[in-house]
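The values are calculated or read from the model by the stated rules, or taken from the named source; none is laboratory data. For clarity, every value in this text was computed on a predicted model and none was experimentally measured. Note: ideal-geometry Cβ built from the backbone for every residue, glycine included; neighbour counts use all protein chains shown. Heavy atoms of the whole protein, side chains included, go into the accessibility calculation; ligands, DNA and RNA do not. Shrake-Rupley method; radii C 1.70, N 1.55, O 1.52, S 1.80 Å.
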Amino acid sequence: MISDNEVLEIAKRLENADIDIKKTIEKAATAGYLGEKHFYCTVIEEGGYTHTVPEILGDRYKSQPLDNLYFDIISKALDHDGIYISLVYCSSNIILPDENCDEIIEYEDYELEEDEYEYLVEYGLISADNLKKFKIYAEEGISGHQPTEDVGIITNIIDGDYKTYFALRSTDRCMSSFMVLPFSTEYPKEHPLSFKNPINKILIEMIDKAIVRK
């Protein structure tokens with residue numbers, strides 16, 4: 001697993017990366033974990049809430065292809081409050097057979113005594129490139145992500161330049177509203193938005209690989 005410093009280096013490179021937004025969204029949508037392709041990118045409004053393109057067009061329940069109209073709306077949003085692109089999904093509710101995984105990672109940096117651990121949790125991690133499994137004992141207190149959450153990037157324009165950051169998107173089970181929350185260095189490793197969280201470290205590596213750069 002990569003170190004805290006390596007994670008921050010990836011985040012630093014990402015901030016000013018020259019990303020091909022269209023190709024990144026198209027690639028992300030091949031992962032399949034969100035069903036409808038238009039869910040992989042949502043438009044951010046002030047306050048951190050986001051909207052799907054069908055919602056902006058007046059019918060949130062209508063399917064929207066990744067066509068010229070879709071990318072025209074995404075392009076305009078980039079110059080306002082920005083967009084969120086979903087690139088990885090992580091949940092303990094996903095059952096991935098070991099033989100289907102590209103990599104199986106077992107957490108090793110435990111702080112309790114061996115006999116204090118009882119409940120092993122297995123997380124499935126999905127991107128357009130990889131299927132991975134992460135195993136960790138629940139007693140370690142590391143927060144994973146909920147089935148109604150996914151992880152990706154925020155991109156918007158700041159002082160004339162595009163900036164990109166890692167973030168988590170949370171929604172309700174009806175996918176009627178989306179809230180985007182950025183990752184932070186201020187949280188301890190147990191927090192779901194921490195760069196030090198071992199699950200997030202794996203997800204960040206997967207995101208870095210999933211992004212299409214120009």
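Specify the angular offset, from 0 to 90 degrees and rounded to the nearest 10, of the alpha carbon long axis of helix 68-78 from the longest principal axis of the alpha carbons in the chain. Helix 68-78 sits at roughly 70 degrees to that axis.
With a ≥ b ≥ c taken as the square roots of the eigenvalues of the C-alpha gyration tensor of segment 18-66, please select rounded if a/c is under 1.5 and otherwise prolate if a/b is larger than b/c or oblate if it is not? It is oblate, given that a/c is not under 1.5 and a/b is not larger than b/c. With a Förster radius of 30 Å applied to the C-beta separation of E116 and N5, the computed FRET efficiency comes to 0.55. Estimated from helices alone, the mean residue ellipticity of the chain at 222 nm is -6500 deg cm²/dmol (sum of -39500 (n - 2.57) over DSSP H runs with n ≥ 4, per residue).
Apply the Debye scattering formula to the chain, with a single equal point scatterer on each alpha-carbon and no solvent, then give log10 I(q)/I(0) at q = 0.12, 0.15 Å⁻¹. One equal scatterer on each Cα of the chain leads to -0.62, -0.95. Residue pairs exceeding 25 angstrom between C-alpha atoms, taken from K163/K209; K27/K133; K22/K62; K133/K214; K62/K214; K12/K214: K133/K214; K62/K214.
Against the chain, whose longest principal axis comes from its Cα atoms, helix 4-15 is set at around 10 degrees. Of all lysines in the structure, the ones whose alpha carbon falls short of 18 Å from that of K189, not counting any fewer than 8 places away in one chain, are K135, K201.
Over segment 14-90, Cα pairs under 8 Å with separation of 6+ residues give a relative contact order of 32 percent.
So for the chain: antiparallel DSSP bridges make up what percent, rounded to the nearest 5? Of those bridges, close to 90 percent are antiparallel. Between helix 198-210 and the chain, what is the angle of the helix's C-alpha long axis to the longest principal axis, kept within 0 to 90° and rounded to the nearest 10? Its long axis makes an angle of about 40 degrees.
Sparsely packed loop sites in segment 1-107 (the chymotrypsin sites (Phe, Trp or Tyr not before Pro) outside DSSP H, G, I, E and B with at most 15 other Cβ atoms within 10 Å) comprise Y61. Only Cα pairs under 8 Å and 6+ residues apart enter the sum, and on that basis the relative contact order of segment 68-214 stands at 23 percent.
Rolling a 1.4 Å probe across the protein heavy atoms gives segment 105-214 an accessible surface of 49 Å² per residue. Magnitude of the charge dipole for the chain, about its Cα centre and with charges confined to Cβ atoms of Lys, Arg (+1) and Asp, Glu (-1), is about 1240 debye.
The GluC sites (Glu not before Pro) of segment 131-213 meeting both criteria, a DSSP state outside H, G, I, E and B (loop) and at most 10 other C-beta atoms within 10 angstrom of the site's C-beta, are E186.
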